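The values are calculated or read from the model by the stated rules, or taken from the named source; none is laboratory data. Given the structure is predicted, the values throughout are model-derived calculations rather than measurements. Methodologically, a virtual Cβ is constructed for each residue, glycine included, from the backbone with ideal geometry; neighbour enumeration extends over all protein chains shown. Surface accessibility is based on the protein's heavy atoms, side chains included, excluding ligands, DNA and RNA. Shrake-Rupley method; radii C 1.70, N 1.55, O 1.52, S 1.80 Å.
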Amino acid sequence: MGLLPDDLVVILAELDQKELKQFKMKLVVFPVKEGCDNIPPGRLEKAKALELCAILKSYYGKDYALQVTMQLLTDIGRSDLAEILGQTTGAGSGSEGQEFDLSCGGATGELLQSLTAREKERYSWSEFERIASSEGGNWSEHSTAEQGRNEKCKLCPREEDLQEKIFPETVCSPDGEQETYRVHLPKAGTFCCSETDLGFEVRAPVTVQYGYDSWDRHLAARSTPKWMVAGPLFSIRAEPARAVRTLHLPHFLCLTSAESRGEADAARVQIAHFAEEGMTLEEPTGLRPFHAVLQNPSFSLYGVLLVVSRVLPIPVHALVLIYLALRAADTTLHLYLIPNDHSLEKAIKEHEERNSSFFVDKSPQTKQPLYFHTEYAVSCLPEAEITPWILTFSYTSQEKRQPFIEVYIEEMKRSVQLRVGDRDSAEPCWEATLRPGDVKLTGSGKHRIGGGRRKTKRDHLLGALKDLREAELKEFKSKLTDMELEEHHTHIARGDLEKAGPVEIMELLICHYTERDAVEVTRKVLVAINQRDLAEKLCRRSRAAGNEPVGEDQPPLSRGFPCLSASAFPSHSQS
């Protein structure tokens with residue numbers, strides 16, 4: 001029997017606030033079956049039972065959503081609800097139980113092996129991870145790039161986490177090319193951005209808008225003294241500005257290693273501040289392992305620099321990123337070696353996705369810091385064609401093409417071991433096992449590579465709805481119910497829209513108008529409520545997702561589908 005959405009909503013509504021949070025946290029990292037993607041944290045953050053049900057159904061389909069839900073309910077200690085859900089839907093347990101790797105040694109291994117099956121069900125993933133990490137045990141096969149990225153350095157001490165992780169909304173320029181982030185911080189406290197790692201300590205409620213800028217453009221005319229870029233450059237605005245007590249700017253310097261080798265000292269770490277009168281260097285009010293802290297910032301452009309008098313081997317936190325190039329022959333991988341800088345990571349992602357490449361989800365963090373101006377070699381077992389096999393590690397500005405190493409494997413029938421290391425050392429600084437399943441084609445003909453996937457029209461439609469503020473979304477729903485439709489379409493009932501969030505609205509639009517027509521309906525509603533920039537962005541991105549050519553003879557906001565009449569929306573005077 002298929003999943004009954006109403007049953008799932010009722011079960012999820014039984015969870016209290018703490019249990020719902022545990023459910024969503026585990027859902028983000030759940031080891032989903034081949035052909036499915038993990039749900040991004042931003043989509044789950046504020047989801048209640050009804051919206052969570054729609055998200056599960058959207059990502060996993062009816063039957064598999066049921067299996068995932070039952071397993072997660074068991075994991076958080078609500079096996080009673082899992083049993084009720086199984087009985088109600090007639091599906092039984094049906095879930096692919098999560099097996100724990102008990103191979104880690106020491107107290108962790110003994111503890112895990114001593115637990116009964118029932119105790120394992122009730123023991124939370126976070127507790128397992130905490131105990132295992134304290135012993136250094138490798139207890140889970142489900143290591144992801146995100147988990148690896150969170151452990152930035154084995155030498156540097158962990159920072160005390162900023163109190164609250166924030167998930168900003170993305171704001172696009174009218175041409176859709178430049179993205180910035182915007183977030184409203186509703187109270188005093190300390191916050192860290194999930195997208196950029198930029199942190200804020202605020203005294204009072206404040207709205208902050210920020211984005212990446214170009215070091216090359218602002219440092220081009222300056223040659224002395226010499227600076228080494230040590231983190232992203234941010235353009236930041238805050239309203240009111242005085243509400244921000246301290247700014248925490250991310251950097252990629254490995255201070256622990258530098259200090260132990262006498263290669264750098266904290267006094268040379270400076271914060272560059274660009275304003276109309278030029279650039280000034282400000283001394284940080286605090287220097288943490290991964291952030292430079294500036295008190296009472298005045299805002300504009302900020303970034304972290306290291307002042308250097310000569311070329312020194314400065315240790316740097318680094319990442320290895322792998323993409324599968326689908327347009328290339330057989331199995332062709334692009335391997336990037338970059339500083340741990342989110343702006344560079346984002347630039348690589350955007351470039352590769354434009355060329356139909358997919359991210360291969362392997363832990364990106366190197367075992368130890370790397371050094372600028374040092375040559376690193378890539379090797380592969382069994383052997384593969386590697387071009388070039390040596391890469392000089394350096395900083396390349398985000399607006400330029402990032403250098404990469406190409407790894408070509410003619411027939412990937414078994415696992416390969418990729419390694420990166422200093423060409424003069426036999427010990428690798430990074431290694432990963434790449435299995436055939438990591439780059440395998442699914443039955444649908446769509447590549448599945450470690451959780452990466454190309455965005456669909458559905459994704460862009462949901463993104464446009466989530467870009468609307470609360471009042472704008474209310475206006476959107478109102479306009480959606482009073483437009484004139486073609487004869488073969490029906491209106492969405494006002495009652496269905498009244499309490500619907502972005503996810504439910506997306507599902508209703510696709511159900512009533514098909515995915516193709518839902519995009520055009522949404523575009524016209526956005527135009528009618530004076531959200532033309534958002535409408536244009538949706539139009540452009542949905543065409544790219546569907547590979548639909550844009551005719552040169554059509555103006556941007558009149559190229560559409562024949563599902564609506566030309567007078568689909570009444571003018572403001574008529575309404």
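A few points about this structure:
- Exactly one residue out of R559, R541 is touching a Gly at 6+ places or on another chain (Cβ under 9 Å) and either modelled with pLDDT under 65 or aromatic (F, W, Y) (or both), and it is R559.
- Answer residue from region 334-373, given it is open to solvent by less than 20 Å² (accessible area, probe 1.4 Å) and assigned to a helix (DSSP H, G or I) and is modelled with the lowest pLDDT among those: E352
- Of all residues in region 25-51, those being buried (at least 16 other Cβ atoms within 10 Å of the Cβ), under 20 Å from K499 (Cβ atoms) and within 19 Å of the chain's Cα centre (by Cα) number 3.
- Restricting region 517-540 to residues that are open to solvent by 30 Å² or more (accessible area, probe 1.4 Å) and assigned to a loop (DSSP other than H, G, I, E, B), the residue that is nearest to R354 (Cα to Cα): Q531
- Residue check for R242: at pLDDT 90 or above, outside any strand (DSSP E or B) and out of contact with any Leu (no Cβ under 9 Å at 6 or more places or on another chain): yes
- When every residue of region 225-245 is checked against the conditions, none turns out to be among the hydroxyl-bearing types (S, T, Y) and farther than 22 Å from P339 by Cα.
- The lone exception for T89 - which of (1) modelled with pLDDT of 80 or more; (2) open to solvent by less than 20 Å² (accessible area, probe 1.4 Å) it fails: (1)
- On inspection, L473 qualifies as in contact with a Pro (Cβ under 9 Å, 6 or more places away or on another chain), part of a helix (DSSP H, G or I) and within 25 Å of K48 (Cβ to Cβ).
- Extreme residue, nearest to E160 (Cα to Cα), among residues of region 184-207 that are small (G, A, S) and in contact (Cβ under 8 Å) with a residue 60 or more places away in the chain: G199
- Contact annotation: residue pairs with Cβ atoms under 7 Å, 6 or more positions apart or on different chains, pairing a residue in region 347-365 that is under 16 Å from A318 (Cβ atoms) with a partner that is modelled with pLDDT of 85 or more and among the aromatic types (F, W, Y), are I348/Y336.
- Any hit, region 391-412, residues being among the basic types (K, R) and at pLDDT 90 or above: no
- Boolean, Y376 is within 21 Å of W227 (Cβ to Cβ) and in a strand (DSSP E or B): no
- Figure legend. Inter-residue proximity from region 492-507: first residues more than 14 Å from V525 (Cβ to Cβ), second residues part of a loop (DSSP other than H, G, I, E, B), beta-carbon distance below 6 Å, spacing 6+ or different chains. Indicated pairs: R494/T481.
- Answer residue from region 144-172, given it is of a type in the set (S, T, N, Q) and either under 25 Å from I236 (Cβ atoms) or at pLDDT 80 or above (or both) and is least open to solvent (accessible area, probe 1.4 Å) among those: T170
- Residues in region 230-254 that are hydrophobic (A, V, I, L, M, F, W, C) and under 17 Å from Q295 (Cα atoms): F234, I236, A238, A241, A243, V244, L247, L249.
- Qualifying residue in region 198-220 (condition: assigned to a strand (DSSP E or B), open to solvent by 10 Å² or more (accessible area, probe 1.4 Å), of a type in the set (V, I, T) and in contact with a helix residue (DSSP H, G or I) (Cβ under 7 Å, 6 or more places away or on another chain)): no
- Residue in region 476-516 that is most open to solvent (accessible area, probe 1.4 Å), counting only those that are β-branched (V, I, T) and not in a helix (DSSP H, G or I): T490
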